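No value in this document is a laboratory result; all are computed from the given coordinates. Values in this document were obtained by computation on a predicted structure and should not be read as measured data. Please note: Cβ atoms are built from the backbone with ideal geometry, for glycine as well, and neighbour counts cover all protein chains shown.
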Amino acid sequence: MSRFAFHYEKLAVKADAHKVFDDPRRLRFRRVRAIVALSMLCLMAWLYLFLNGTFSWQTAWDEITGSWSEQQVLALPATAPVTQTDDIRLASLMPVLPPKPSCEAPSQPFFAAMAGPAAPVVYGHIPSDNDWGQLSLTESCNQLGVLVPDWLRIEATASGAKVSMETEESRAPVMEYLSKSGNAPDLMPKIELDTGEDKAAFISAISSKAIAQRTTAQVIEHLRPLYPQGACLSIPRLETSDLPALQPFFQTLSSGLKAEGMASCIVLSGTSSAWKSKETTALFDKVILKLFLDPWVGTAPSPLAADVWFEETAKSAAEQIGKDKLVVALGNFAVEWTSGKPLPDVLPYAAAMERIADAGTKVRFSAKTSGSLASYRDAEGRSRKIWMQDSASLINQMAILRDLGITNSGIWSLGLEDPGIWTVLRNRNFSTQTLSAELALVKLDNYVNYSGEGALLRLTHRQSPGIRQLNFDTETGRVVGQTYDLLPRPYSLERYGKPAGRKVVLTFDDGPHPVFSEQILDILKETQTPATFFVTGRSVMGAPAILNRMIDEGHEIGAHTFSHPRMDQVSKTRATLEYSMLDKVVAGAAGRQMTLYREPFQRSGGPVTADRVAALEIAWDRGMQVVGMDVVPHDWTGWSGREIADFAIKEVERGAGNVILLHDGGEDRTASVEATRLIISELGALGYEFTTVADLAGSTRASLMPVAEGGYQTFDRVSFSLVAWGQDAIVTLFWFALAIGVIRSLAILLLALLNWRGHRTVSLTNPKVAVIIPAHNEEKVIRSCIQSVRASDYKNIEIIVVDDGSSDNTLNEVFAFSHNQEVRVISQPNQGKWSALNRALLNTSADIVVCIDADTQVEKSAISHMVRHFDNPKIGAVAGKIMAGNKVNLLTRLQALEYTTAQNVERKAFDLINGMLVVPGALGAWRVAALRKTGHFSDETMTEDTDLTIQVNRAGYRIIYEANARGYTEVPERIGQLLKQRLRWSFGMFQSAWKHKKAVFEGRSVGLISIPDMFIFGYLFPLLAPIADLFVALLLYRLVSGGWDDSAASSQDMQYLLAYLTLPALEFLIAAFALARDKDESMWSLLLFPVQRVFYRPILYYSVIRAILRALTGRLFSWGTQKRLGRDYSLATSGT
């Protein structure tokens, strides 16, 4: 045959041939467009009817765009009871605030409990008798170096002493703060020594050697699991005369703590002389001296820490105790004396301001005592006087301590303080002008005022901010004047609904549940017990019949939001939707409205922070009655039914309240069902009557659950049924896809392991091989390609380069090898790669052809490794191993990782079952007889190599993979190039699989396994992937929006998330296996897996979706031209 052949006519095409998916008249395109348009129109109409009136579009837009009003910037409630005049005053009085210091940087030394005198340390006492102490931790802005919570107590017993500790639940907020804090404070729990009624006898007993050692051992046993830095001993009403007898116990306790590596401290009152005992203070590492009045029975109204007394006592203490050991505890609270009442009330600053504002009086500041004073008469004519220690007091006391050189101080106690003290501590080095501006706005966010009794809540007045002005002495920097232009007020709520007599109400949250609610309803029906069910919208969608049964059997239903989020952590639009969607689903399912409301994650006894109360305002504004709960067994923590019932009965009996909360939805509520029967039976035996919330509210069931009117109830019922069906379908599809995905991954890995050794053959023949290189505008790469083939160690070859109508210098580059007899050149008009390959096949007498792309460079031994397999007459084709030759950036390295995994695992697996779908055009060997039998390459698909591979397989031949036949190709280096390439591949593979769909019925692996596998995992999975990603995104949204505080929801969501991560985990293992067994790739490539999974994989999915759309609409396209860069792989291809 001639070495140079020029053809001017194109190859003939079969008369009946047509391209797969081709639609020249574009009929399918018009049909698809019409269906999509109609679907979108229907969807928009449905959304309009479904969402009409459920939320404010303007509010939603403002939240999306971040358009907030000035009041919202100031974080003031829009509905706060402030008059227009007050608005003007507030705006005019508010100074321009400088940027606040960040709370991120640590402001306390590490190991603060053991820090030296040069490092100022702030101690914070956390009392156990209020609900606000822990809230101050987050407000402290890293100003606390040591926490002193009231956790341990030593009480007198018949045998001496007993040590007890606060429950894990009580300790949880502090421990959680310590675990999450970037600069966690030291922990030194307070040990309170309760001397009881017989003080002398108890002191004598605990100071005996045996009891002191036993008590110390118990203390240490309780402390060890907490990993504290130490502990602080406190003895209420300690007198100097008690100290000698207590010395042995002090010595034993401090020595025991020291032996455990813990510091010791003692808390003493500055109003007692006990702190002057050097024998006592010498035994402890720190001495916390409370320099404020401890009000007790009979004390007269007076300043809590007058400046003169404070300074003199602090100075004397520093001299006697030592500045390095002394910690001055600064009181920050209020005390109210009432005429005719012996014991004064200790009040939080916020409670004091509420009482003062409610009385309509003013706050006066005493510059001589650094205390604030207010007096008034109550409605009964009694005289009331309030003295306060606030931010102004703290400024002056800190100045005194600074002048005395005392660095360690403490805040006594958290939860009672003026919130401005954290601003004072944070701005110790700032000017008085800046400090005054920072303290001007007073907001009481961590306190809620309550009145009345009962589990129902109503709003008496909203939170309102205050404005204060401070006047400083320019020389000393101390506060000499403080005035409030507006008094701050916290939220004030009224509790009501306390029943007379022995009545209790059973309430259930989170239902209805098709199993557990049904069982509870059976018990209630059997025992003739009424109950109130607070339902969620998503539960109603799944069990509308159960909701109707609740109503039909005489029970009450109330709102519990639609999806159970933390309502204080969601936007106003989301909150409105929670109410509206719940109303719609209940009205559609049962034809009822609900006026009772219980907020998800509501605290027993009611909220204690402003943001939680603000979240309830929407309910009140909608005319709903907020129902709390008094008795809350932890039926979500794994308690048994007996434990739940015992707790509830005990709490009711001790007078904790009348409303019991259980759960009938979410997780497994078998224990709650069991507890329901026990509670009804045993409380009934104790004489309790079960009643309803309507009874507590003084209302009727009909008024609390009126018949729903208006709206589109039938439409809503059908819509929510469809949504519920869709959710179930998505969940089912999720688990089905996960299951088959896991099964496929494991099967692929197993098959790859079984075929790891590959095909070991020894060739005894040397057949003639034609290497065919089709080329179209490949001037930059064709020379290197030919050179790599000529360097092959297989010598019985001819090289046929087919120039497919190139318009560049490709032909001239090929003519550079005109003196080499093994190189032949065929030139033809541009007709495509399939035509170029067929032209060469028609012009060769070789038994074997090796087809490679013009940008491929083969290793020396590649052809030999492939050709040896053709000694077996059943072999129709051999696929080589394609490697990325231009790993020059992240994108090309990601493709290299993809190639490695696909070839070392998937191709190995399908090779074992003779199910390979493609012998790559970049490097593949073919038996010429098999090609002639199947009709050569075809133009019916974009991927002629895939088409021919399946055709040869269906003709009865075996297709195998040879991992030692390596070829290096130039992969796309830019996203745009990759998208074009993968669109062609995806579309062409889809064409080939569709063309050979009848192979499914022929009994071969390629039809039974490979083609269905391609349809499912190559095309269906990319369509489902966005749905799965959206599903997981919604779960993550629930996490950040507060929906995961519910253990039931979070447990289920975690199952979904872990399941979602199962496939990536398996893919990671497969990638690791592929890299570990591939000597050509580095295990370091495994570091790219997260990037490949998160960013690269969606690019491939996008290409698949585009290919499916083109197939549906009949839009075909040509291969086009791939821009080559002409990378040199000679170092790689020189190996054997």
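If the label point is 7 Å along Cα→Cβ of S302, which residues in region 245-272 have backbone nitrogen under 11 Å from it? The answer is 271, whose backbone nitrogens lie closer than 11 Å to the label point. Fewest-first ordering of T271, T407 by other beta carbons within 10 Å of each residue's beta carbon gives T271, T407. Beta-bridge orientation, region 512-711: approximately 10 percent antiparallel, per DSSP, counting only bridges with both partners inside.
Treating only the Cβ of Lys, Arg, Asp and Glu as charged (+1, +1, -1, -1), what charge dipole size does region 512-711 show about its Cα centre? Round to the nearest 20 debye. Each step should come with its number before you reach the end.
Details: 18 positive and 27 negative charges, 106 e Å.
I would put it at about 500 debye.
Between helix 572-590 and the chain there is an angle of about 80 degrees, using the helix long axis and the longest principal axis of the Cα atoms. How many angstrom lie between the Cα centre of region 521-565 and the Cα centre of region 615-683? Region 521-565 and region 615-683 have Cα centres spaced 14 Å from each other.
Computed as a quarter of the hull surface, the mean projected area of the alpha carbon convex hull for region 442-585 stands at 13.6 nm². Distances between every pair of Cα atoms in the chain, grouped in 10 Å steps from 0 to the bin holding the largest one, split as 2, 8, 13, 14, 13, 12, 11, 10, 8, 5, 2, 0, 0 percent.
Of all aspartates and glutamates in the structure, those lying under 20 Å Cα to Cα from K503, and not within fewer than 8 positions of it along the same chain, are E453, E526, E556, D630, D646, E651, E653, E682, E689, D695. With both residues required to sit in the chain, DSSP beta bridges show an antiparallel share near 35%. Exposure proxy shown here: for Y376, Y957, Y8, the number of other Cβ atoms within 10 Å sets the order, fewest to most, as Y8, Y376, Y957. The dipole here belongs to region 751-1113: it is taken about the Cα centre, uses +1 on the Cβ of Lys and Arg and -1 on the Cβ of Asp and Glu, and is about 720 debye.
Rg to Rh ratio, region 512-711, alpha-carbon atoms and Kirkwood radius?
Value, to two decimals: 0.94.
Charge dipole (Cα centre; +1 on Lys/Arg Cβ, -1 on Asp/Glu Cβ; no other charges) of the chain amounts to roughly 4560 debye. Each of L753, L444 has some number of other Cβ atoms within 10 Å of its Cβ, and from fewest to most they run L753, L444. What percentage of all Cα-Cα pairs in region 630-683 are separated by more than 17 Å? Pairs farther apart than 17 Å: 25 percent. Measuring spread by the Cα atoms of region 324-471 yields a radius of gyration and Dmax of 16.7, 53 Å. By how many degrees, between 0 and 90 and to the nearest 10, does the Cα long axis of helix 975-995 differ from the longest principal axis of the chain? That helix lies at roughly 60 degrees to the long axis. For region 612-751, the percent of C-alpha pairs falling in each 5 Å distance bin, counted from 0 to the bin holding the largest distance, reads 2, 7, 10, 11, 12, 13, 13, 11, 8, 5, 3, 3, 2, 0, 0.
What pairs from K290/K315; K290/K385; K162/K650; K768/K874; K199/K278; K341/K362 go past 20 Å between their alpha carbons?
From K290/K315; K290/K385; K162/K650; K768/K874; K199/K278; K341/K362, over 20 Å: K290/K385; K162/K650; K199/K278; K341/K362.
Note on K19: lysines with a C-alpha under 18 Å away, same-chain residues under 8 apart excluded, are K10, K833, K995, K997, K998. Average 1/r across all pairs of distinct alpha carbons in region 499-546, invert it, and you get the Kirkwood radius: 11.6 Å. Across the options H125, F430, P344, the greatest Cα extent toward the positive end of the charge dipole of the chain (unit charges at beta carbon of Lys, Arg, Asp, Glu) belongs to F430. Farthest toward the dipole's positive end in the chain, which of H634, L253, M353, given Cβ charges of +1 (Lys, Arg) and -1 (Asp, Glu) about the Cα centre? With unit charges placed on the Cβ atoms, the residue in question is H634. The shape of region 751-1113 comes out prolate: with a ≥ b ≥ c from the C-alpha gyration tensor, a/c is at least 1.5 and a/b beats b/c.
The M40 and V13 beta-carbon pair, evaluated with R₀ = 35 Å, returns a calculated FRET efficiency of approximately 0.30.
Only helices enter the 222 nm calculation for the chain: every DSSP H run of n ≥ 4 contributes -39,500 (n - 2.57), and dividing by all residues gives -12500 deg cm²/dmol, rounded to 500. Every Cα-Cα pair of region 653-724 was included, and the share exceeding 19 Å stands at 62 percent.
Residue separation of Q1055 and L1030 scaled by 0.36 nm, minus their Cα-Cα distance, works out to 7.4 nm of gained length. Between the C-alpha center of region 426-465 and that of region 712-745 there is a gap of 47 Å.
Taking a straight line from the alpha carbon of K881, these aspartates and glutamates sit under 16 Å away, with near neighbours fewer than eight places off in the same chain left out: D853, D855, E859, E898, E906, D911, D945, E962, E970, D1078, D1080, E1081.
For I799, the residues whose modelled amide H falls within less than 5 Å of its own, excluding neighbours fewer than 5 places apart on the same chain, are V771, V823, R824. Between P873, Q828, L444, the Cα set farthest toward the positive side of the dipole of the chain (charges on each charged residue's Cβ, about the Cα centre) is that of Q828.
Angle of helix 27-51 to the longest C-alpha principal axis of the chain, folded into 0 to 90 degrees and rounded to 10: 10°. Loop-located trypsin sites (Lys or Arg not before Pro) across region 205-263 with a Cβ neighbour count of 16 or fewer within 10 Å are R237, with loop assigned by DSSP. For region 777-823 versus region 287-322, the spacing of their alpha-carbon centroids is 99 Å. Secondary structure note: in region 751-1113, about 30% of the DSSP beta bridges are antiparallel.
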